[in-house]
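Undergrad: Can you read through this structure? Questions will come right after.
The values are calculated or read from the model by the stated rules, or taken from the named source; none is laboratory data. What you are looking at is a predicted structure, and each value in this text was computed from that prediction instead of being measured. Cβ sites come from the backbone with ideal geometry, for glycine too, and all protein chains shown count toward neighbours.
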Amino acid sequence: MMDIQTVLRESKLTNLPLLASQVVEGFISGIHKSPFHGYSSEFAEHKLYNTGESTRHIDWKLYAKTDKLYTKRFEEETNLRCHFILDQSASMYYPEVASPSLTQLDKLSFSALSIAAIMQLLNKQRDAVGLSVYDEELRFQATEKGSGLHYNRIYNELENCINTPQPRLKTNTYQFLHEIAEKLKRRSLIFLFTDLLQPDVSRADLFEALRHLKYNKHQVVLFHTLDHKTEVNFEFDETPKRFFDVETGAKIDLHTHQIQKEYVEKMSEFIQEVKLTCVKYRIRYVEADIRKNFEKILSTYLVEKQKLKS
């Protein structure tokens, strides 16, 4: 008889909040003794002490330095605005998975589950969340709100992205990043999940769109979502392969070892250019390998949340 953890790992992604909560519980258990332990009660900033307030949270060390009374303002008291951007173009459905589950994910389902897991942490603080989903058009957009109904609406949209067959469409990521950036008026923490695979778009246009996301002093994190084994390292067995372009339908037959060296060099060059661009525009770049767990995703969220509130 399988235990509940096995059932959850192998089940379809049809109850995203439940699966996301399991991801978060595993993450929290793994960092129980780490610097993140107690993250929900770590103070984000200080405020001047007002006569009549409880003295419980006075920072006496800060008083010794400044000769003024400050209390620790806890994160529960400071609301965060967080907006997720999800690339739903054809390349995000790689690798082809008949029925996505926790143990078998394509790039899109990995991204959607990552978003749902971060939302579990945001919901603990009643923080406001929003979501934009795009392929060849802006398919879904929800502004930042913190109600339970709004959270459920976003969970439902993420489930639809995973489980409802979509036409495999191209996208112009740069176009929609510009459009989304124009609509985000209040300072937010922005998480972008995309593979950045845009063969028909100049890198200059793509990088300019990333820069635009920093408009209005937004804090931006790029989760560069890839299957590192095959898309970065080009590791396949030695049998002949037929490769299909998921966006154009073009195909080519080859032995992977014939082009592996050149492919890896080109891909490494592209990734390095993206990283340097992110450094230039003060965007946090995070490698999101879909074959790994969600620890890097969630720890990045905790770090960026602290930075935004400091």
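Undergrad: Mind listing whichever residues of region 258-284 are of a type in the set (A, V, I, L, M, F, W, C) and part of a helix (DSSP H, G or I)? Working first, answer last.
TA: Taking region 258-284 and keeping what is of a type in the set (A, V, I, L, M, F, W, C), we get 259, 264, 267, 270-271, 274, 276, 278-279, 283.
The answer is VAL264, MET267, PHE270, ILE271, VAL274, LEU276, CYS278, VAL279.
Undergrad: Within region 290-310, track down each residue that is outside any helix (DSSP H, G or I) and under 16 Å from the mean Cα position of the chain (by Cα).
TA: Of the residues in region 290-310, the ones outside any helix (DSSP H, G or I) are 290-294, 310.
Hits for region 290-310 are ILE290, ARG291, LYS292, ASN293, PHE294.
Undergrad: To continue, here is another question. Starting from region 138-167, take each residue that is over 20 Å from GLU179 (Cβ atoms) and list its partners that are hydroxyl-bearing (Ser, Thr, Tyr) and surrounded by 17 or more Cβ atoms within 10 Å (Cβ to Cβ), counting only C-beta distances under 7 angstrom and pairs at least six apart or across chains.
TA: Close Cβ pairs (under 7 Å, with a partner that is hydroxyl-bearing (Ser, Thr, Tyr) and surrounded by 17 or more Cβ atoms within 10 Å (Cβ to Cβ)) amount to ILE162/SER109.
Undergrad: Only one of these is buried (at least 17 other Cβ atoms within 10 Å of the Cβ), assigned by TED's automatic domain parsing to the domain that holds PHE207 and over 23 Å from the mean Cα position of the chain (by Cα): THR256, THR277. Name it.
TA: Values: THR277 fails: over 23 Å from the mean Cα position of the chain (by Cα).
Being buried (at least 17 other Cβ atoms within 10 Å of the Cβ), assigned by TED's automatic domain parsing to the domain that holds PHE207 and over 23 Å from the mean Cα position of the chain (by Cα) holds for just one of THR256, THR277, which is THR256.
Undergrad: Please work out which residue is surrounded by the most Cβ atoms within 10 Å (Cβ to Cβ), limiting yourself to region 149-163 and to residues that are under 16 Å from the mean Cα position of the chain (by Cα) and of a type outside the set (Ser, Thr, Tyr).
TA: That would be LEU158.
Undergrad: Related question: Go through region 139-152 and count every residue that is part of a helix (DSSP H, G or I) and within 19 Å of LEU184 (Cα to Cα). Give the derivation first.
TA: Going through region 139-152, the residues part of a helix (DSSP H, G or I) turn out to be 148-152.
Filter once more, so that each one left must be within 19 Å of LEU184 (Cα to Cα): 150-151.
Number of matching residues: 2.
Undergrad: Among TYR49, TYR39, which is the only one that is touching a Leu at 6+ places or on another chain (Cβ under 9 Å) and modelled with pLDDT under 65?
TA: It is TYR39.
Undergrad: Ok, one more. Could you tell me which numbered condition GLU287 fails, if it satisfies all but one of (1) within 23 Å of LEU19 (Cα to Cα); (2) in a helix (DSSP H, G or I); (3) of a type in the set (Asp, Glu)?
TA: Condition (2) is where GLU287 drops out.
Undergrad: Can you tell me which condition PRO95 does not meet? The list is (1) buried (at least 23 other Cβ atoms within 10 Å of the Cβ); (2) of a type outside the set (Gly, Ala, Ser); (3) in a loop (DSSP other than H, G, I, E, B), and all the others hold.
TA: (1)
Undergrad: Can you pull out the strands (runs of 3 or more DSSP E) entirely within region 156-257 that have at least 1 residues that are closer than 25 Å to ALA117 by Cα and modelled with pLDDT of 95 or more? Please lay out each step first, then the result.
TA: Working: elements: 189-194, 219-226, 241-244, 251-254.
Per the criteria, 189-194, 219-226.
Undergrad: Within region 101-136, how many residues turn out to be farther than 22 Å from HIS218 by Cα and either modelled with pLDDT of 90 or more or touching a strand residue (DSSP E or B) at 6+ places or on another chain (Cβ under 7 Å) (or both)?
TA: Residues meeting the conditions: 8.
Undergrad: Now for a different question. Quick check, is TYR301 touching a Cys at 6+ places or on another chain (Cβ under 8 Å), in contact (Cβ under 8 Å) with a residue 60 or more places away in the chain and crowded, with 16+ Cβ neighbours inside 10 Å?
TA: Here the answer is no, as TYR301 does not meet what is asked.
Undergrad: Report yes if TYR285 is under 17 Å from GLN125 (Cβ atoms), in contact with a strand residue (DSSP E or B) (Cβ under 8 Å, 6 or more places away or on another chain) and assigned by TED's automatic domain parsing to the domain that holds LYS217, otherwise no. Let's see the steps before the verdict.
TA: Details: under 17 Å from GLN125 (Cβ atoms): no; in contact with a strand residue (DSSP E or B) (Cβ under 8 Å, 6 or more places away or on another chain): yes; assigned by TED's automatic domain parsing to the domain that holds LYS217: yes.
When the stated conditions are applied, TYR285 does not pass them.
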